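The values are calculated or read from the model by the stated rules, or taken from the named source; none is laboratory data. Remember, it's a predicted structure, so these values are computed and weren't measured experimentally. In this analysis, Cβ positions are derived from the backbone assuming ideal geometry, glycine residues included, and neighbour counts consider all displayed protein chains.
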Amino acid sequence: SGQSASTHPYWSDHVGDLAPYTPGEQPRVEGLLKLNTNEHPYGPSPRALEAIRAAAGDALRLYPDYDSVALRQAVAALHGIDPAQVFPGNGSDEVLAHIFDGLFRKAGRVLLMPDISYSFYKTYCRLYRIDCELIPLAEDFSIRAADYADHGGPLAGIIFANPNAPTGMEMSQADIESILRAHPDIPVVVDEAYVDFGARSAVPLLARYPNLLLVRTLSKSRALAGMRVGYALGSAELVEGLRRIKDSFNSYPLDRLAQAAAVAAIEDREHFEQGLRAVIQARDDLVRSLAALGFEVLPSRANFVFARHPAHDAARLAAALREQRILVRYFKMPRIEQFLRISVGTPADCERLCNVLADILGAH
Ligand code: PMP
């Protein structure tokens, strides 16, 4: 509202300087097709819903398990690691907040990250006053590992998402390893929010690289965005550091319903795999349909696609889709301002999207 930080009577300069994260729209009206925030098109495991119902009783007068022991055990069993290597949080956004706050603020050192990636990373740098260096993506929009491995530093850490967001593109295991090998003395954080949709996880590298930290979420591949559950995986030393940060805060890892739901969702492997197969198939079909409409689509290993049309302005396309009650994401950022990020829906959702797009394109 035009008020500059230094003249505002209540805020500190620091608050005035913040540029808060802008989330994708969560509409408050019914009937919109939401393809804008990468939610799962199908519901969570029925076993998770049952677990929530069972947990929603008198026991809610009691505080939840502060250490999320059952959840950490379920996560550890899922990934074949020790529960002491699991750090849960209220969504991976909170896990990331503790990582930035606790690990990345080092005087005279910079945090490396891609210039185009999950935009909360930049927000946390401002909030926690972390110096960061943004590394441009390569010409083909991939993350070039050598830019990180060969960086002379001094570095506070490295973070990137794999697959990256909003491009959906995957970095190879060998490339990730080249970064880990080059910087054994700083935390290297790989945000695997979308890894289940066909990319290769770096979990096997945990045994060999104590500086590696992986961030996971149950919001995407386990269809529990409304529950807020995420976690980090790393060496016991890194996880211990994160626990100290969290325990110096008035924060409980997860409420009773979330812990119960997460354990049940993780244990229902069949529902999980079935959901993945459906989304991956729908994604591959959507890529073909968009290409047939003339879109250039980046190779996606996520539950969304990133696409641009050589003849149509992305902001206009997003607005025209919005008029037809379809929400997609559009980022007003250099280099990607001609792209739409479209979450993969059900086959019927994708068909509706493509039909509406065909009408919009034809009408121009
Ligand atoms: N990381 C990435 C790359 C994401 O896209 C998102 C979702 N917007 C998150 C983390 C956060 O997910 P959540 O807090 O729901 O776990």
| request: Would you please list the contacts, defined by Cβ atoms under 8 Å and residues six or more apart or on different chains, that run from a residue in segment 189-203 that is touching a residue at least 12 places away in the same chain (Cβ under 8 Å) to a residue that is of a type in the set (Val, Ile, Thr) and more than 12 Å from the ligand (Cβ to nearest atom)? | output: Val189/Ile158; Val190/Ile176; Phe197/Val279; Phe197/Ile280; Gly198/Ile280; Ala202/Ile176; Val203/Ile81
| query | Does any residue of segment 196-205 turn out to be buried (at least 19 other Cβ atoms within 10 Å of the Cβ) and touching a strand residue (DSSP E or B) at 6+ places or on another chain (Cβ under 6 Å)? | reply | yes
| field | Candidates Phe160, Phe141, filtered to the one that is within 16 Å of the ligand (Cβ to nearest atom), closer than 17 Å to Pro187 by Cα and in the same structural domain as Ala202 (by TED's automatic domain parsing) | value | Phe160
| Is there any pair with a first residue in segment 96-120 that is assigned by TED's automatic domain parsing to the domain that holds Gly241 and assigned to a helix (DSSP H, G or I) and a second that is more than 15 Å from the ligand (Cβ to nearest atom) and aliphatic (A, V, I, L, M) whose Cβ atoms are under 7 Å apart and which are 6 or more apart or on different chains, and what are they? | His98/Leu242; His98/Ile245; Ile99/Leu242; Phe100/Ile130; Asp101/Ile245; Gly102/Leu242; Gly102/Ile245
| Restricting segment 193-218 to residues that are not in a loop (DSSP other than H, G, I, E, B) and not aliphatic (A, V, I, L, M), the residue that is farthest from the chain's Cα centre (by Cα) | Pro204
| Which one is surrounded by the fewest Cβ atoms within 10 Å (Cβ to Cβ), of the residues in segment 28-76 that are within 16 Å of the ligand (Cβ to nearest atom) and not in a loop (DSSP other than H, G, I, E, B)? | Lys34
| Residues satisfying the stated conditions in segment 86-116, i.e. surrounded by 22 or more Cβ atoms within 10 Å (Cβ to Cβ) and of a type in the set (S, T, N, Q) | Ser92
| query | Residues of segment 153-175 being free of Cβ contacts under 8 Å to residues at least 60 places away in the same chain and under 11 Å from Tyr194 (Cα atoms), which ones? | reply | Ala161, Asn162, Asn164
| task | Just name the residue that is farthest from His309 (Cα to Cα) out of those in segment 334-361 that are in a strand (DSSP E or B) and touching a residue at least 40 places away in the same chain (Cβ under 8 Å). | result | Ser343
| message | Tally up the residues in segment 219-246 that are touching a residue at least 24 places away in the same chain (Cβ under 8 Å) and assigned to a loop (DSSP other than H, G, I, E, B), please. | response | 11
| remark: Expected single match for more than 19 Å from Gly80 (Cβ to Cβ), among the hydrophobic types (A, V, I, L, M, F, W, C), crowded, with 22+ Cβ neighbours inside 10 Å and modelled with pLDDT of 95 or more among Ala261, Ala265, Ala174, Ala182 is Ala261
| field | Qualifying residue in segment 148-171 (condition: modelled with pLDDT of 95 or more, farther than 19 Å from Leu233 by Cβ and assigned to a helix (DSSP H, G or I)) | value | yes
| remark: Given (1) under 21 Å from the mean Cα position of the chain (by Cα); (2) over 18 Å from Pro46 (Cβ atoms); (3) more than 15 Å from the ligand (Cβ to nearest atom); (4) touching a residue at least 12 places away in the same chain (Cβ under 8 Å), Leu276 misses just (2)
| task | Answer yes or no: is there a residue in segment 261-284 that is more than 30 Å from Asp58 (Cα to Cα) and not in a helix (DSSP H, G or I). | result | no
| Options Ser300, Ser219: the member that is within 16 Å of the ligand (Cβ to nearest atom), in the same structural domain as Arg352 (by TED's automatic domain parsing), in contact with a strand residue (DSSP E or B) (Cβ under 9 Å, 6 or more places away or on another chain) and small (Gly, Ala, Ser) | Ser300
